[in-house]
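Colleague: Dumping the structure here so I can ask a few things about it.
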Amino acid sequence: MNSLGKLIVSGTALLCGVFAWSVSFADDASIMSPPEPGIWQKHEYTFRFLGFTSTYSCDGLADQIKVLLIAAGARADSRSQAGACANDYGRPDKLPQAYLTFYTLAPAGAPRTEGGPQVMGAWRPVTIATRSPHELRIGDCELVEQFRTQVLPMFTVRNIDDHMTCVPNQESGSLINFKFETFAEAPKKVPTAN
């Protein structure tokens, strides 16, 4: 094997190793903050998408929004339903919308918390990028931008690192690279058998 071939094989192995490490690191509970009490906050919102690059059906928009809600730390029972659209189920619409009902966790004692059952929460890192979550593609850039400005303020987040670049009417030049920490339900401890 010539030196170029060895370089390509070595580079590929290195990239695979880095990717595997980053995936396992992102799911590692040890990088979460210590648990603290939190209270669920209910949100109802009508999300209307207006973009130039991608077109969604109302049900397709609802599916993508649910992926973003869960990734950002919303409770697993979040609902995202297709809104009123001009076109039938599964057909792209120029102005799709989705009706959202979801719960986010806020630290107990935060100014906007209402009385409700407390659960243990922790700060955890979130990365939203192309293929993270897996369902996101570069064409979803404008959707992520609108989610960031319209929906993310309903979450309790900190340490926002925003390097989004969305170029209207083309995918080339667009970049989804958005990181933050969200206050989300702490993982439940699994009892160990002794």
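Colleague: To the nearest 0.05, what FRET efficiency results for Ile70 and Thr127 with a Förster distance of 22 Å applied to their C-beta separation?
Modeller: Details: r = 14 Å, r/R0 = 0.63.
The computed FRET efficiency comes out at 0.95.
Colleague: Ok, one more. Could you work out how far apart the two model spin labels at Arg48 and Met120 are, taking each label as a point 7 Å from the Cα in the direction of the beta carbon, and quote it in nm?
Modeller: Reported label-point gap for Arg48 and Met120 is 4.4 nm.
Colleague: Kindly write out, for segment 65-82 in residue order, the coupling ³J(HN,Hα) from the Karplus curve 6.51 cos²θ - 1.76 cosθ + 1.60 (θ = phi - 60°), rounded to whole Hz, with x marking Gly and Pro.
Modeller: Result, rounded to whole Hz: 5, 4, 4, 5, 4, 5, 4, 7, x, 5, 4, 4, 8, 4, 10, 9, 10, 4.
Colleague: With θ set to phi - 60° and the Karplus curve 6.51 cos²θ - 1.76 cosθ + 1.60, what are the ³J(HN,Hα) couplings of segment 166-179 in order, to the nearest whole Hz, using x for Gly and Pro?
Modeller: With the stated coefficients, segment 166-179 comes to 10, 9, x, 6, 7, 8, 5, x, 7, 9, 9, 8, 9, 10 Hz.
Colleague: Grab the beta carbon distance between His134 and Ala108, set R0 = 30 Å, and tell me the FRET efficiency rounded to 0.05.
Modeller: On the way: r = 33 Å, r/R0 = 1.10.
The pair His134/Ala108 has a calculated efficiency of 0.35.
Colleague: Which whole-number value in Å² is the accessible area per residue of segment 65-194, probe 1.4 Å? Could you put the intermediate results ahead of the total?
Modeller: Details: 7140 Å² over 130 residues.
Per residue, segment 65-194 has an accessible area of 55 Å².
Colleague: How far apart, in nm, are the 7 Å Cα→Cβ label points at His163 and Ala86?
Modeller: The two pseudo-label positions are separated by 3.9 nm.
Colleague: Return the loop-located trypsin sites (Lys or Arg not before Pro) in segment 156-192 (DSSP other than H, G, I, E, B) with at most 15 other Cβ atoms within 10 Å of their own Cβ; answer none if there are none. Write down the numbers at each step before the final one.
Modeller: On the way: sites: Arg158, Lys179, Lys188, Lys189; in loops: Lys188, Lys189.
Filter output for segment 156-192: Lys188, Lys189.
Colleague: Ok, one more. What nm value, rounded to one decimal, do you get for the distance between Thr55 and Gln150 when each label is placed 7 Å out toward the C-beta?
Modeller: 1.8 nm
Colleague: Relative contact order of segment 68-194, please, whole-number percent, based on alpha carbon pairs below 8 angstrom and at least 6 residues apart. Don't jump to the answer; show the numbers that get you there.
Modeller: On the way: 187 pairs, mean separation 36.9, N = 127.
Contact order relative to length: 29 percent.
Colleague: By a straight-distance test (C-alpha under 19 Å), which aspartates and glutamates pair with Lys94 as possible cross-link partners, with residues fewer than eight away in the same chain excluded?
Modeller: Correct list for Lys94: Asp59, Asp63, Asp140, Glu142, Glu145, Glu171.
Colleague: Follow-up. If amide H atoms are built 1.01 Å from N in the plane of the peptide, which residues on other chains or at least 5 residues away come under 5 Å of the amide H of Gly121?
Modeller: Correct list: Glu36, Gly38, Ala186.
The values are calculated or read from the model by the stated rules, or taken from the named source; none is laboratory data. Just so you know, these numbers come straight off a predicted model, no measurement behind them. Backbone-built Cβ (ideal geometry, glycine too); neighbour counts: all protein chains shown. Protein only, heavy atoms only, side chains kept; ligands, DNA and RNA dropped before computing areas. Shrake-Rupley method; radii C 1.70, N 1.55, O 1.52, S 1.80 Å.
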